[in-house]
1. So A:Val70 clears everything in (1) in a helix (DSSP H, G or I); (2) surrounded by 15 or more Cβ atoms within 10 Å (Cβ to Cβ) except one condition, right? Which one?
2. Any idea which of A:Glu60, A:Glu71, A:Glu102 is more than 10 Å from chain B (Cβ to nearest Cβ), over 11 Å from the mean Cα position of the chain (by Cα) and over 21 Å from A:Arg125 (Cβ atoms)?
3. Considering every residue within segment B:10-21, establish whether at least one is surrounded by 16 or more Cβ atoms within 10 Å (Cβ to Cβ), more than 10 Å from every other protein chain (Cβ to nearest Cβ), in a helix (DSSP H, G or I) and among the β-branched types (Val, Ile, Thr).
4. In this structure, is A:Gly109 in contact with a Pro (Cβ under 7 Å, 6 or more places away or on another chain), of a type outside the set (D, E, K, R) and either within 16 Å of B:Ser76 (Cα to Cα) or surrounded by fewer than 23 Cβ atoms within 10 Å (Cβ to Cβ) (or both)?
5. Consider segment A:6-24. How many of its residues are more than 15 Å from the chain's Cα centre (by Cα) and either within 18 Å of B:Met1 (Cα to Cα) or in a helix (DSSP H, G or I) (or both)?
6. Within segment B:66-74, is there a residue that is without any contact (Cβ under 8 Å) to a residue 24 or more places away in the chain and surrounded by fewer than 13 Cβ atoms within 10 Å (Cβ to Cβ)?
Amino acid sequence: LLDLLREQLHLTGSKKGCDHGQCGACTVLVNGRRINSCLSLAVVHDGDEITTIKALANGEQLHPVQAAFVEHDGFQCGYCTPGQICSAVACINEGHARSDGEIREWMSGNLCRCGAYPNIVDAIREGAGKSST
Amino acid sequence: MNPFTYTRATDPKQAMNGVAGNASAKFLGGGTNLIDLMKMGVEMPSALIDINRLALSKIEELPDGGVRIGALVRNSDLAAHPLIVQRYPVLSQALLAGASP
């Protein structure tokens, strides 16, 4: 699925990190549910709704979680960020962002080698407060 | 990855027929193990039979007090299911500890 998105559809927002489902950089939403797109065959998702980082903003208006990442500096190099944000949107929708500890646990599939975790947690906490979607 | 055929099974009989007589055919469920092993050349199936659309996602309470868990139930769904949380909390916690969300 990740290769289809990036190489065929040129939706290069979703990143290929480890390509083995360990880093979460490729996280997308399938029917609202987060998955590692590098470990899923595109053909399996015939008829499914795939949401990547490219679909979260409404035109020029950032999604509340995107805006919160900017506000809180929730990244350094930015490579993991599309996956972090897709995962965070689902994490909030699941109701798993009620405390910092809960955010850390339920975001544990998304690694950040720059170590921006404190700011990522801050961003998600704020995003959870503002996000209605 | 090696070339392979892909078939989406629409009923259990079709799924069984897909692997019958083909030792290198594999069922494809969530795929997070199988696809990873295929990328590394550990698994090289000649045929994948996608069983994701079969009706195997139920969690059912049985009359004798047990629970039947469908083969396609997602770990996170099982871990959050009231029956599992109340009656088998260790299973729920183990599932949540077993993989990242």
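1. (2)
2. Going through A:Glu60, A:Glu71, A:Glu102 in turn, just one is more than 10 Å from chain B (Cβ to nearest Cβ), over 11 Å from the mean Cα position of the chain (by Cα) and over 21 Å from A:Arg125 (Cβ atoms): A:Glu60.
3. Scanning segment B:10-21 turns up at least one residue that is surrounded by 16 or more Cβ atoms within 10 Å (Cβ to Cβ), more than 10 Å from every other protein chain (Cβ to nearest Cβ), in a helix (DSSP H, G or I) and among the β-branched types (Val, Ile, Thr).
4. It is true that A:Gly109 is in contact with a Pro (Cβ under 7 Å, 6 or more places away or on another chain), of a type outside the set (D, E, K, R) and either within 16 Å of B:Ser76 (Cα to Cα) or surrounded by fewer than 23 Cβ atoms within 10 Å (Cβ to Cβ) (or both).
5. Number of matching residues: 6.
6. Yes, that holds for at least one residue.
Every number here is computed from the coordinates shown, using simple stated rules; none is lab data. These figures come from a predicted structure and were not determined experimentally. Cβ sites come from the backbone with ideal geometry, for glycine too, and all protein chains shown count toward neighbours.
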